[in-house]
Amino acid sequence: MTPDQNYGEETLSAAGQTELLKIARNVVEAAAKGLPEPDCRPSDLPELDQHLGAFVTIHKGGRLRGCIGSFLPDKPVWQVVAEMARSSAMNDPRFSGVSEEELGEIDIEISVLSPLKKTDAPLSLELGVHGIYVKRGFQSGTFLPQVATEQRMSKEEFLSSCCAHKAGLPPDAWKDPATEVYLYTAQVFREKDE
């Protein structure tokens, strides 16, 4: 496991991060092998009972292989991670399901999210610290905080690309008061070094 990248306040201990990665790995392996979902309930880590949103990202050879998450803090974070790990492995519409043969080639990254905070000043975001969630009507999209730094985007590029490529909105929709823009932070950790 790599040291966590802190895109905001720290929420989970190293032990909590290790346990969530283990849960995600076990769920992905079971799904790829066509087995029932394993019992993931952690013991002795009350911090994993916090109700937090999370995204699970699967990489293969340094490239995206699946990424699905939930902002809704309506379940314990361990349960959100288990559900998002399965969805990321099997239900990301951009990819076919992860196969059993790929299991040794993938690595898993988890982003545990802070609550969303609506902003009327989208350019107040801090690149590499804030993720964004844009919404207008039934269209919405998000970029995790690490996207801006990985893609070397400016604030305007980060907002415009999320609107156009994730939410299906015009690139400058973030400037329109009818578009809601939310900021959030994430504690990001993964199984392997890049």
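Would you confirm whether or not the range 11-19 contains a residue that is assigned to a helix (DSSP H, G or I), under 16 Å from the mean Cα position of the chain (by Cα) and of a type outside the set (S, T, N, Q)?
Going residue by residue through the range 11-19, those that are assigned to a helix (DSSP H, G or I) are 14-19.
From the residues that got through so far, the ones that are under 16 Å from the mean Cα position of the chain (by Cα) too are 17.
When the remaining residues are screened for being of a type outside the set (S, T, N, Q), the result is none.
Within the range 11-19 (the criterion being assigned to a helix (DSSP H, G or I), under 16 Å from the mean Cα position of the chain (by Cα) and of a type outside the set (S, T, N, Q)), the answer is no, since none of the residues qualifies.
For the range 94-110, indicate whether the set of residues that are among the polar types (S, T, N, Q) and surrounded by 14 or more Cβ atoms within 10 Å (Cβ to Cβ) is non-empty. It would help to see each step written out before you state the result.
Filtering the range 94-110 for residues among the polar types (S, T, N, Q) gives 96, 99.
Next, from what is left, pick out any that are surrounded by 14 or more Cβ atoms within 10 Å (Cβ to Cβ): none.
No, because not a single residue in the range 94-110 is among the polar types (S, T, N, Q) and surrounded by 14 or more Cβ atoms within 10 Å (Cβ to Cβ).
Determine whether Pro171 is surrounded by fewer than 13 Cβ atoms within 10 Å (Cβ to Cβ) and not assigned by TED's automatic domain parsing to the domain that holds Ser70. It would help to see each step written out before you state the result.
Details: surrounded by fewer than 13 Cβ atoms within 10 Å (Cβ to Cβ): no; not assigned by TED's automatic domain parsing to the domain that holds Ser70: yes.
Considered against the rule, which asks whether it is surrounded by fewer than 13 Cβ atoms within 10 Å (Cβ to Cβ) and not assigned by TED's automatic domain parsing to the domain that holds Ser70, Pro171 comes out as no.
Can you give me the ranges of the strands (runs of 3 or more DSSP E) entirely in the range 80-183 with at least 3 residues that are of a type in the set (D, E, K, R) and either under 16 Å from the mean Cα position of the chain (by Cα) or within 30 Å of Lys22 (Cα to Cα) (or both)?
Values: elements: 106-113, 117-119, 131-136, 139-143.
Because the criterion is at least 3 residues that are of a type in the set (D, E, K, R) and either under 16 Å from the mean Cα position of the chain (by Cα) or within 30 Å of Lys22 (Cα to Cα) (or both), no strands (runs of 3 or more DSSP E) in the range 80-183 meet it.
Mind checking which residues of the range 53-66 are closer than 15 Å to Phe189 by Cα and in contact with a helix residue (DSSP H, G or I) (Cβ under 8 Å, 6 or more places away or on another chain)?
Gly53, Ala54, Phe55, Val56, Thr57, Ile58
Each row is one residue, and each column tells you yes or no for (1) of a type outside the set (Ser, Thr, Tyr); (2) farther than 26 Å from Val77 by Cα; (3) assigned by TED's automatic domain parsing to the domain that holds Trp78.
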{"residue": "Leu125", "(1), (2), (3)": "yes, no, no"}
{"residue": "Gly128", "(1), (2), (3)": "yes, no, no"}
{"residue": "Gly137", "(1), (2), (3)": "yes, yes, no"}
{"residue": "Gln146", "(1), (2), (3)": "yes, no, no"}
{"residue": "Glu150", "(1), (2), (3)": "yes, no, no"}
{"residue": "Ser161", "(1), (2), (3)": "no, yes, no"}
{"residue": "His165", "(1), (2), (3)": "yes, yes, no"}
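Identify, please: which residue in the range 34-71 is touching a strand residue (DSSP E or B) at 6+ places or on another chain (Cβ under 6 Å) and part of a loop (DSSP other than H, G, I, E, B) and is, among those, surrounded by the most Cβ atoms within 10 Å (Cβ to Cβ)?
Only one residue fits best here, namely Leu52.
Just one of the numbered conditions (1) surrounded by fewer than 17 Cβ atoms within 10 Å (Cβ to Cβ); (2) at pLDDT below 95; (3) not hydrophobic (A, V, I, L, M, F, W, C) is not true of Pro145; which one?
For Pro145, the exception is condition (1).
When you scan the range 84-97, do you find a residue that is assigned by TED's automatic domain parsing to the domain that holds Pro46, farther than 19 Å from His51 by Cα and acidic (Asp, Glu), even just one?
Yes, there is a match, as at least one residue in the range 84-97 is assigned by TED's automatic domain parsing to the domain that holds Pro46, farther than 19 Å from His51 by Cα and acidic (Asp, Glu).
Of the residues in the range 35-63, how many are without any contact (Cβ under 8 Å) to a residue 40 or more places away in the chain and within 17 Å of Ser99 (Cβ to Cβ)?
Start the filter on the range 35-63 by keeping residues that are without any contact (Cβ under 8 Å) to a residue 40 or more places away in the chain, which leaves 35-36, 38-39, 41-51, 63.
Now narrow it down to the ones that are within 17 Å of Ser99 (Cβ to Cβ): 35, 63.
Total satisfying the criteria: 2.
Any chance you could count how many residues in the range 103-162 are within 16 Å of Gly53 (Cβ to Cβ) and not aliphatic (A, V, I, L, M)?
16
The values are calculated or read from the model by the stated rules, or taken from the named source; none is laboratory data. As the structure is a computational prediction, the values presented were derived from the model and not from experiment. Reconstructed Cβ throughout: ideal geometry from the backbone, glycine too, with neighbour counts over all protein chains shown.
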